[in-house]
Amino acid sequence: MMRVRLPGGVCTTSQWLRMDSLADSHGNGTLKLTTRQTFQMHGILKRNLKPAVQEVNRALMDTIAACGDVNRNVMCNPIPHQSELHGAVYEFAKRLSAHLTPHTSAYHEIWLDKQVVGGNAVVDVEPIYGPTYLPRKFKIAVAVPPR
Amino acid sequence: MFTKLYIFLFFSGIRCGFNARYNALDDFVVSDLSQESTVVFSVSTAGQGEFPTNGQEFWKALSEITDAALFSNVNFGVLGLGDSHYWPGEDGLKYFCLPAVELYEKMQELGAHPLLSIGKADDQHSDGHETVFSSWKAELWTALGVGVDPASIAESAPSKLPPDDVIKRESNYLRGTIAKGLADTSTGSMAEIDAKLLKVKRTQNGISFGLCLLYLSSSSMVSINRMIEICGSREGSRTKRRHSSS
């Protein structure tokens, strides 16, 4: 299973179409929209995992911290037409998501084939999480109060 | 006897986590053997040092190959089964495990690397082939990097993973052996400890995650009570929906 990090559940039409075709080419043909406003694909075989993650990244999305003991996909008000504040809240959700995304370079190394600095000279630092991350997942939603 | 020993080795191998399969010799396409990284042969002796019926085609095909580098990526082991006194006289001894010996030599001729020296199990021992087999298989597991005899591992022994914090701390910032696991095409699964890193998830009884109730000061008691009532009566559907929440 692969889940995407998609703050506020906002994607472009072309991103949607690429996820849709990815579900056919690398998954089991289903594309789920989760209760936390993101895409989730099932039935990806191990040999297809890396290409799938790379395609998501080429479409300018990623799968960092969509699972695990970290802050999960940041949600925000899903109905833009009800609030002119949506733009501002969405921007805030994106910043929040970026701020709380793990800093480890393991993701880029494992999934995107980024080179390891010689002799593992560079050691990762997680300024917010530390080496053990969180004891459990953590979830944030940004709400817009009704006027 | 051939089948019994082979299947025993096969299941022991599976228990050690090898992606193993077993075939009668004749079921191998000989040239395909070069694709295997490890092959363990168990060959009984027929007639005057001949291959058994279900291995003769294999041996014929193998004998015709002369490419000295064909099996350069193959590691192999051979266990022969025979009876050192089946044929009387001094000549008789040369038939003892002869097909196994021939196979052992032929494989090396074709570039394959022996994992261990040939085992020649002799039915003349008081406990039959078992004497040689038990020491030979111990050597085999050592050569394959398995520390303990797989037969001594209880089949249902649950794997014991360290606590989550330890797994995370020792994972070098969530690396673990994920990259190695992805590169291993011999299995479609990932190591259990890496699966933890890919997706750490626990179930906590009594708490439903993924459900959020919003109480506003303007909400009337009637609507709040109605809301609680609805949630309470839909436990089933709520639990189900949790699976697709993140």
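The values are calculated or read from the model by the stated rules, or taken from the named source; none is laboratory data. Bear in mind that the values here come from a model prediction, so they are computed numbers and not experimental data. Here the Cβ is made from the backbone with ideal geometry for all residues, glycine too, and neighbour counts use every protein chain on show. All accessible areas refer to the heavy atoms of the entire protein, side chains included, with ligands and DNA or RNA removed. Shrake-Rupley method; radii C 1.70, N 1.55, O 1.52, S 1.80 Å.
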Across (1) in a loop (DSSP other than H, G, I, E, B); (2) modelled with pLDDT of 80 or more; (3) surrounded by 15 or more Cβ atoms within 10 Å (Cβ to Cβ), residue B:146 clears everything bar (2)
Residue B:208 fails exactly one of the following numbered conditions: (1) at pLDDT below 80; (2) under 30 Å from residue A:108 (Cα atoms). What is the number of that condition? (2)
Taking only pairs six or more apart or across chains, which ones have beta-carbon atoms under 7 Å, a first residue in the range A:1-14 that is closer than 17 Å to residue A:65 by Cα and within 14 Å of another protein chain (Cβ to nearest Cβ), and a second residue that is exposed (fewer than 14 other Cβ atoms within 10 Å of the Cβ) and of a type in the set (Gly, Ala, Ser)? none
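In the range A:70-119, what residues are under 20 Å from residue B:183 (Cβ atoms) and among the acidic types (Asp, Glu)?
Pass one, the range A:70-119, residues under 20 Å from residue B:183 (Cβ atoms): A:104-116.
Listed by number, the residues that qualify are A:109, A:113.
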Can you pull out the residues in the range B:103-131 that are in a helix (DSSP H, G or I) and surrounded by fewer than 19 Cβ atoms within 10 Å (Cβ to Cβ)? B:105, B:106, B:108, B:109, B:130, B:131
Of the residues B:76, B:96, which is in contact with a helix residue (DSSP H, G or I) (Cβ under 7 Å, 6 or more places away or on another chain) and either crowded, with 18+ Cβ neighbours inside 10 Å or at pLDDT below 90 (or both)? B:76
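The rows are residues; the columns are (1) among the hydrophobic types (A, V, I, L, M, F, W, C); (2) touching a residue at least 60 places away in the same chain (Cβ under 8 Å); (3) more than 11 Å from chain B (Cβ to nearest Cβ).
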site	(1), (2), (3)
A:22	yes, no, yes
A:32	no, no, no
A:47	no, no, no
A:56	yes, no, yes
A:63	no, yes, no
A:71	no, yes, yes
A:91	no, no, yes
A:95	no, no, yes
Tally the residues that are more than 23 Å from residue A:79 (Cα to Cα) and of a type outside the set (A, V, I, L, M), restricting the search to the range A:19-60. 19
Being in a strand (DSSP E or B) and either touching a residue at least 12 places away in the same chain (Cβ under 8 Å) or at negative phi (or both) narrows it down to one residue among B:81, B:33; which is it? B:81
Return the pairs, sorted by first residue and then second, in which the second residue is outside any loop (DSSP other than H, G, I, E, B), the first residue lies in the range B:167-181 and is within 7 Å of another protein chain (Cβ to nearest Cβ), the beta carbons are less than 6 Å apart, and the residues are 6+ apart or on different chains. B:173/A:106; B:174/A:106; B:174/B:197; B:175/A:106; B:178/A:110; B:178/B:194; B:179/A:110
In this structure, does residue A:65 turn out to be open to solvent by less than 20 Å² (accessible area, probe 1.4 Å) and at pLDDT below 90? yes
Among the residues of the range B:36-51, count how many are outside any strand (DSSP E or B) and farther than 22 Å from residue B:117 by Cβ. 2
Selection over the range B:40-69 where residues are charged (D, E, K, R) and under 16 Å from residue B:101 (Cβ atoms) yields a count of 1
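Considering only residues that are modelled with pLDDT of 90 or more and of a type outside the set (Phe, Trp, Tyr), which ones fall in the range A:135-147?
Listed by number, the residues that qualify are A:139, A:140, A:141, A:142.
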